[in-house]
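The structure under discussion appears below in the form of structure tokens.
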Amino acid sequence: MWTERVRTAALRHRVAVGVVWLLVLLLGGAVAVLGLGRLDQSFTASDGPGHRANLAVQERYGNGAAVAPLVAVVTWPDARDAQALADALERAAGPGARTVSYAATGDEGFLGADGRTEYALVYPAAGKPDLAGLTAVEEAAVTLRAGLRSALPGARVEVTGVLPLQHDSALAGPGAVALAAKAVCAVGLLLVLVLAFRSPLGVLAPLLLAAVTSVGALVLVEAVAGFTEISFVVVYLVPVTALVVAVHRRARPPGAAAARAAVTGGAAGAAACAVLALFPAAFLRSVGVAGLAVCAVGTAAALTLGPVVGPVVGPRAVPRPVRIPRALPAAGPVQGNRVLSASLPAVGLALLVLLTGAATQLRVGNPEARALVASGPARDGLDLLTAAGVPSGVLNPLEVLVPEGADAAAVAARAARVPGVLLAAAPADWRRPGSALVVVVPEAEPMTAAGAGTVTALRSALAGTGALVGGSGVVDRDLVDGVYGLLPYAVPSAALAAFGVLARRRGRGPAARAVLGGLLAAGASAGALVVLWQWGPAGAGAVTGWVPLVVGTFAFCVSLERSAGGPGRAGIVAAGAGALAVLAVGIGPQVELALLVSGFAAGAVVDALAAVPAWPHPRVHSDWSRPRGTIPSSIDDRDHRPDRSRHGT
């Protein structure tokens, strides 16, 4: 077979192969770092009505739009002094900033129920929806806080907002317990790999394969980003997928069967991801291109670099089978094993189905403000707001772009009557030639059902006026409508593409089981996010919209890779390695990173659960109890016999 010829050629020219992949790692790494700027860093869904409105607002006003404003909160010791706050804002916000408060509108929605608290919305002059723009807004929050406190020494002044809350979460850093957990996960990762590959040196092979795959895939993705929009989220998807796939491949017995399995799994994953890349949504296109690149580069590395590094780091070794403990003595040893081994697939399948069912309750959007950080200056501002009876929806206001010829005040009055709207105002200085802006402050945060309903009702109320509804509050709605609305078409199409590849190489029955396992793994990983973050102690209320897409793609690809290699015992090692690796890196107080990390870990674990039904039954697979070195007795083991060829690794 051609895979054997490629493997033989790689061994014959091992020095050249090693040099080529070393150049990929070193030079490619430099190119990948320099090319990160090509990736879209906005983390927003493109092509939706909200996105188009935000582009128009950003172009004409230079700030706001998809970037949530800063919220200045002031509690006066006695009576309120709205004009003093307005004057302080004019000095502290800086040139080019847009502000709106009670003094500018007379709207009591800017006042707290306690009679002493008021807030104002501040859009700094700089602030595009990319990493540099968000950093500028975070820096503006510090300046605004200091300026207001200096100008209003007799009042309590705090500055909060979505971005300051996220910034404080990132600055908090992991505590002692989190650091200990990270250390335990890192040590556990090394132990899992050492025990799996029987030697410390053997751990280097999967790590090296993962490194060259990650670098090569990122270079390819960045090259594609020169022609079409590719989201920055691929930076998270590529290395984790590359690591788990590399462990899968190195955990298989060496030889032609392992090469065929690598080609089969890689081709199936590449076909599925190629289909995702064809859909007209930036996030789907991004994860599709990234998955395709990982599958292609990973397969090339497995066929060429894998045989070369084998003799250097030592032979690969299949992880020792996980032996099922015997049941109660009364049942007898053989009967006990059969009962327990028969129950494990049922339990694993039931858990996968339950988690996939939980995924239907997924609520997409940024986590609720109260869940972003437990303490810090921004949290103090949020607590001050809520204590005064101001709803947290003020952190994500909407901006309505009113075209020339339309009455901005009339649009604001119509918006104010929409259920769920706290206030709507048309500041006199929010005008540019040919347009005006209306600010609409909802009561509920946009990721909640009430908040989403407010956005929908506002769009309906303003239909026919020519006004465009934008602002930070519409980003989540666009993601649900523009990306998740395509999933009923994208997921079956990708599954059919993977099935076509697997059916050709392994037959329809195994192909159907493999694709079903991949779909269950993807769905269950999203369901795990629901259980952990919507229903669990974290109480985030929602899951960041792009996280389930990245995690689901990861789970589907690694599940196809695992199924291509036959029985799933090696999948346990890959699952453990992947879960421990991401936990060692990501455990900490930053909520969005914790969401992503827990999703990757869940994806790795549910893939191991999906492998449980493929575990050999003791009545059919006698290799569970046979001495090491004996010839496999079952048909399913034929692809896992040691390669006796002269060039075997």
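The numbers here are math on the coordinates, done by the rules we state, and not lab data. The structure presented is a predicted model; accordingly, all values stated were derived computationally and were not measured. For neighbour counting, all protein chains shown are included, and Cβ atoms are generated from backbone atoms with ideal geometry for every residue, glycine included.
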Top positive-direction residue, dipole computed over the stretch 69-160 with Cβ charges, set VAL73, SER150, VAL100: SER150
Mean Cβ count within 10 Å, highest first, over the residues of peptides 350-363, 593-606: 593-606, 350-363
Of all DSSP beta bridges in the stretch 69-160, antiparallel share, percent nearest 5: 100 percent
Length added when fully stretched, ARG508-LEU349, from 0.36 nm per residue minus Cα-Cα: 55.2 nm
Percentage relative contact order, the stretch 69-160, counting C-alpha pairs under 8 Å, at least six apart: 43 percent
Ordering of 106-112, 166-172, 531-537, 550-556 by packing [mean C-beta count within 10 Å, highest first]: 550-556, 166-172, 106-112, 531-537
log10 of Debye I(q)/I(0), alpha-carbon scatterers only, for the stretch 1-84 at 0.15, 0.18 Å⁻¹: -0.83, -0.93
Packing-based ranking, highest mean first, of 17-24, 281-288 given that Cβ atoms within 10 Å are counted: 281-288, 17-24
